[in-house]
Amino acid sequence: MLNQPVPPTALSSRLHGLTAARMTKSGERGMSLLSQLLSQLLLLSIAATVLYPILWVVSMSFDPRDISRPTELRLNPLEGGLSVKAYQEVMKQPTANPVSLGQLMFNSFRLATATGIASILVGVFASYSFSRLRFKGRQALMIAVLTVLMLPSIATLPALFVLLNKVQFHMGGSVFNLRNSLIGVGLAIVSGSLPFAIWNMKGYLDTIPRELEEAALIDGCTPNSAFFRVTLPLSIPVLAVTFFLGFMSTWTEFATSWLFLTDAKNFTLMMALYNMIGQYSDSTPWSRFAAMSIMIALPVTIVYLFVQKYFVGGLAIGGVKG
């Protein structure tokens, strides 16, 4: 009688059923209800922290009061009316400088596009050399690239300023200074973005099996055609990611442009946005500042929508399983 098992109660049976329901298909125990609630609360708090400033900037851009010193956090743009006056003023003349919004966008777009393309063009060949070739000084060069990557890019600006300022061309009665041009700014930005592009693409190329290139060589391809027909198409995801990161960092870049450029016709969007800030907070047009901030962020979002399908890797792994 003492060794007879005790029949389970209704409560224990329910607990056993809930525990079994939380078991995954692989046999591992799932998260408890308390853990799920805590995780959800943590994610909601992170989302609120990220979205709150964005909602506040959007609300400020539509605020019809055009206040000079914001003292409250309003998230409802419909409260007190809705106005697009700030956007109209920004599109008409963003700052007191004699440069239009279209010219500012064109300068930023061609600078960001050129630096992004230059980074992937130079970076993909350099990263392929580090990934596939074995040559003297390879390890030293890789350490040098990693060292430059760890160095803050702003620390190299004084040296780049002096170097590019010495490059001058006399054309007719005018003098072209490489430092005071978008070309010089682009070269300075590319010099800082190339180490990351090389290191990032080299890690991805290491995951592409060499057997694919060897099979192409057996089929009659030359080493160059094997690279362009096999390796390069499989590298599209990392090329897209590298281009997007280079485009985004250049689009929002401020320090190099502000230090190098002096001609208003070469100003970028970030320089114009900084020019809106007055000496004191009550002299800053915050509604126009918020409106222009949103207009600067939109092109980067559009570019991301075009390249997001390439952000998923794993094409190389799937290429050898057919």
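The values are calculated or read from the model by the stated rules, or taken from the named source; none is laboratory data. Just so we're clear, the structure is a prediction, and the values are computed from it rather than from any experiment. Backbone-built Cβ (ideal geometry, glycine too); neighbour counts: all protein chains shown. Note: accessible area is taken over every heavy atom of the protein model, side chains too, but ligands, DNA and RNA are not part of it. Shrake-Rupley method; radii C 1.70, N 1.55, O 1.52, S 1.80 Å.
Checking every one of the trypsin sites (Lys or Arg not before Pro) in the stretch 114-184 against DSSP loop status and a limit of 12 other Cβ atoms within 10 Å picks out Arg134, Lys136, Lys166. For the stretch 65-213, the dipole from Cβ point charges (+1 on Lys and Arg, -1 on Asp and Glu) about the Cα centre works out to 380 debye, to the nearest 20.
Whenever you get a sec, line up Val50, Val57 from highest to lowest accessible area (probe 1.4 Å, protein heavy atoms). Write down the numbers at each step before the final one.
Values: Val50 85, Val57 45 Å².
Accessible-area ranking of Val50, Val57, largest first: Val50, Val57.
Counting only protein heavy atoms and a 1.4 Å probe, the stretch 94-193 has 56 square angstrom of accessible area per residue.
Gain on full extension, evaluated as 0.36 nm per residue between Phe176 and Thr252 minus their Cα-Cα distance, stands at 24.8 nm.
Here Arg134 and Leu259 are evaluated by their C-beta separation; at R0 = 30 Å the FRET efficiency comes out at 0.15. Shown are Asp263, Asp219, Asp63, whose ranking by accessible area with a 1.4 Å probe and every protein chain present, most to least, is Asp219, Asp263, Asp63.
With the simple spin-label model, which puts each label point 7 Å out from Cα in the Cβ direction, the Gln168 to Ser225 separation comes to 5.2 nm. In the assembled protein chains, Met91 presents an accessible area of approximately 110 Å² (probe radius 1.4 Å).
Estimated at the nearest 10 Å², the accessible area of Phe169 is 110 Å² with a 1.4 Å probe.
For Leu178, the accessible area of its heavy atoms, probed at 1.4 Å with every protein chain present, is near 20 square angstrom.
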